[in-house]
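Student: This structure is in structure tokens; I'll ask about it shortly.
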Amino acid sequence: MSNVPPKSVSSERVPRGNFENKRGVVGVIFREERLLIIRRALTVTAPGKLCLPGGTVEKGEEEHETLVREMQEELTIDVEPVRLCWRSVTPWGTRLAWWLARLDHAITPIPFEEEVSEYFWMTPAELRGAKGVLPSLPAFISAWERGEIDLKH
């Protein structure tokens, strides 16, 4: 698997609809100073966009449970939730909980192709130069670099 994705994507669409009450969880997973990044499948909301893996909190579900479920669904990986590290709201109103998680180094993600077309391990510098990144990701990287987010395990 390549570490750096191509600089272009096939679609620039962003989500539509009422997302004001929607809650999501984002998995912040490192491997040797690189973040686990996915490219969304072309059949889902925000097709072809780069982002951290994650998904919608279902009714009655705790955030850490969403993290574990979504990582299994999207990438067939079992993660260990470490802690909440940041909260944000997307431009379209979805409230996101960013969770630091551990992934065993021996585990290789396997994308569920209906949701994730591919994955990458990327540095913040590589992400800054990438095209087609969901807006919440650069904001997260900037807050981290300003020292507003502690990502130590």
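The values are calculated or read from the model by the stated rules, or taken from the named source; none is laboratory data. If you're wondering where the values come from, they're calculated on a predicted model, not measured in any experiment. Cβ sites come from the backbone with ideal geometry, for glycine too, and all protein chains shown count toward neighbours.
Student: When you go through (1) touching a residue at least 60 places away in the same chain (Cβ under 8 Å); (2) surrounded by fewer than 22 Cβ atoms within 10 Å (Cβ to Cβ) one by one for Ile38, which number turns out not to apply?
Tutor: Result: Ile38 fails condition (2) only.
Student: I need the full set of residues from the stretch 70-105 which are under 23 Å from Ser142 (Cα atoms), in a loop (DSSP other than H, G, I, E, B) and in contact with an Asp or Glu (Cβ under 9 Å, 6 or more places away or on another chain), in order please.
Tutor: Residues satisfying the conditions are Trp92, Gly93, Thr94.
Student: In the stretch 100-153, which residue that is among the basic types (Lys, Arg) and more than 26 Å from Glu73 (Cβ to Cβ) is surrounded by the fewest Cβ atoms within 10 Å (Cβ to Cβ)?
Tutor: If we take residues in the stretch 100-153 being among the basic types (Lys, Arg) and more than 26 Å from Glu73 (Cβ to Cβ), then Lys152 is surrounded by the fewest Cβ atoms within 10 Å (Cβ to Cβ).
Student: Quickly run through the stretch 67-101 and pick out the residues that are hydrophobic (A, V, I, L, M, F, W, C), in contact with a Pro (Cβ under 8 Å, 6 or more places away or on another chain) and without any contact (Cβ under 8 Å) to a residue 60 or more places away in the chain.
Tutor: Listed by number, the residues that qualify are Leu67, Val68, Met71, Leu75, Ile77.
Student: Only one residue in Arg69, Arg34, Arg39 is at pLDDT 95 or above and touching a Lys or Arg at 6+ places or on another chain (Cβ under 9 Å). Which one?
Tutor: Checking each option against the conditions leaves just Arg39.
Student: Something else: Take Ala97 and decide whether it is closer than 12 Å to Val25 by Cβ, surrounded by 17 or more Cβ atoms within 10 Å (Cβ to Cβ) and either of a type in the set (Gly, Ala, Ser) or modelled with pLDDT under 95 (or both).
Tutor: yes
Student: Continuing with this model, one more query. Quick check: anything in the stretch 55-62 hydrophobic (A, V, I, L, M, F, W, C) and without any contact (Cβ under 8 Å) to a residue 60 or more places away in the chain?
Tutor: Yes.
Student: Let me ask something additional. Of the residues Glu70, Glu115, Glu148, only one is over 13 Å from the mean Cα position of the chain (by Cα) and among the acidic types (Asp, Glu); which?
Tutor: Glu148
Student: While we're on this one: Restricted to the stretch 109-153, and to residues that are of a type in the set (Asp, Glu) and in a helix (DSSP H, G or I), which residue is modelled with the lowest pLDDT?
Tutor: Among those that are of a type in the set (Asp, Glu) and in a helix (DSSP H, G or I), it is Glu145.
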